[in-house]
Amino acid sequence: MPHQLKPLPYPYDALEPHYDEATLRLHHDKHHQAYVDKLNEALADHPEVADMDLEWLLKHRDELPARSKRKILNNAGGVWNHDFFWSVMGPAGNGAGGEPSGKVAKAIDAAFGDFAAFQEKWKESALGVFGSGWTYLVKEDGMATIKEFANQDTPVGVGAQAVLAVDLWEHAYYLKFQNRRPEWVDSWWNVVDWEAVERRWTAK
Ligand code: MN3
């Protein structure tokens with residue numbers, strides 16, 4: 001069964017005005033869809049891995065057919081990263097935005113001092129990603145850690161548990177923010193769904 005694009009978990013305009021409808025439509029329906037299509041295209045030649053799920057593909061890079069390995073990893077990563085990214089955002093005011101509470105808040109304070117210091121480190125990371133990629137918060141040995149991933153590399157690929165992510169590809173923000181990545185990151189905090197983040201933190 002070919003991989004399918006999952007519908008966005010909220011309406012396209014749900015993240016307005018912080019994340020605009022036009023970008024979200026393009027980002028989900030065109031960019032995310034393209035990763036799904038190219039993944040299926042790459043897998044079509046390789047029945048031995050065609051039925052494997054995303055996580056399996058990302059974790060078993062050494063078992064992927066050499067000829068299509070890069071294409072499979074890039075596009076499986078693209079699908080996985082976007083599925084994750086949509087899942088940790090939500091409508092501002094409806095549980096999203098503001099500051100975290102619960103266990104993830106304690107972990108952030110333990111690792112970074114306080115939420116403001118974490119946001120500063122996050123921004124430093126996000127602005128430091130050269131070209132296209134992602135800044136993630138991951139849980140490693142019970143600790144909250146910021147990690148950068150180039151292109152469509154994923155936490156799954158390095159065995160890290162993903163907790164939060166921001167997309168730093170220009171396609172994620174260029175339509176509204178043009179080259180102003182710092183403004184995109186500032187705006188994005190308003191749609192972080194901390195309840196979803198808490199579920200990711202406590203998942204294992
Ligand atoms: Mn993207």
Pairs only if they're at least six apart or on different chains, beta carbon under 7 angstrom, first in the range 21-44 and among the small types (G, A, S), second open to solvent by 30 Å² or more (accessible area, probe 1.4 Å) and within 15 Å of the ligand (Cβ to nearest atom); list them, first residue then second. A22/L175
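Yes or no, residue by residue, for (1) within 27 Å of Y12 (Cβ to Cβ); (2) outside the structural domain of W134 (by TED's automatic domain parsing); (3) open to solvent by 50 Å² or more (accessible area, probe 1.4 Å); (4) away from the ligand (no atom under 16 Å from the Cβ):
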residue	(1), (2), (3), (4)
G78	yes, yes, no, no
H82	yes, yes, no, no
A92	yes, yes, no, yes
G97	yes, yes, no, yes
I108	no, no, no, yes
A111	no, no, no, yes
F115	no, no, no, yes
F118	no, no, no, yes
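Would you check if T135 is open to solvent by 20 Å² or more (accessible area, probe 1.4 Å), modelled with pLDDT of 95 or more and in contact with a strand residue (DSSP E or B) (Cβ under 8 Å, 6 or more places away or on another chain)?
On the way: open to solvent by 20 Å² or more (accessible area, probe 1.4 Å): no; modelled with pLDDT of 95 or more: yes; in contact with a strand residue (DSSP E or B) (Cβ under 8 Å, 6 or more places away or on another chain): yes.
So T135 does not fit the description; no.
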Those residues of the range 23-55 which are in a helix (DSSP H, G or I), within 23 Å of the chain's Cα centre (by Cα) and away from the ligand (no atom under 16 Å from the Cβ), in sequence order: N40, E41, A42, L43, E55
One residue is enough: does the range 124-143 have a residue meeting the conditions among the hydroxyl-bearing types (S, T, Y), touching a Phe, Trp or Tyr at 6+ places or on another chain (Cβ under 8 Å) and not in a loop (DSSP other than H, G, I, E, B)? yes
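Is it true that H18 is within 19 Å of the chain's Cα centre (by Cα), closer than 19 Å to A172 by Cα and in a helix (DSSP H, G or I)?
Judged against the criteria, H18 is not a match.
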I'd like to know if the range 170-193 contains one or more residues that are part of a strand (DSSP E or B) and modelled with pLDDT of 95 or more. yes
If we keep just the residues of the range 16-53 that are in contact with a His (Cβ under 6 Å, 6 or more places away or on another chain) and open to solvent by 30 Å² or more (accessible area, probe 1.4 Å), which is farthest from N75 (Cα to Cα)? H31
If you go through the range 163-179, how many residues are more than 10 Å from the ligand (Cβ to nearest atom) and either open to solvent by 10 Å² or more (accessible area, probe 1.4 Å) or touching a Gly at 6+ places or on another chain (Cβ under 9 Å) (or both)? 6
Out of V197, V166, report the one residue that is assigned to a strand (DSSP E or B) and either over 18 Å from A117 (Cα atoms) or touching a residue at least 12 places away in the same chain (Cβ under 8 Å) (or both). V166
Taking the condition in the same structural domain as P65 (by TED's automatic domain parsing) and either open to solvent by 20 Å² or more (accessible area, probe 1.4 Å) or closer than 28 Å to R67 by Cα (or both), does L5 pass? no
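The values are calculated or read from the model by the stated rules, or taken from the named source; none is laboratory data. Everything numeric here is computed off the predicted structure, so don't read it as measured data. Note that each Cβ is placed from the backbone with ideal geometry, even for glycine, and that neighbours are counted across all protein chains shown. Calculation scope for accessible area: heavy atoms of the full protein, side chains included, ligands and nucleic acids excluded. Shrake-Rupley method; radii C 1.70, N 1.55, O 1.52, S 1.80 Å.
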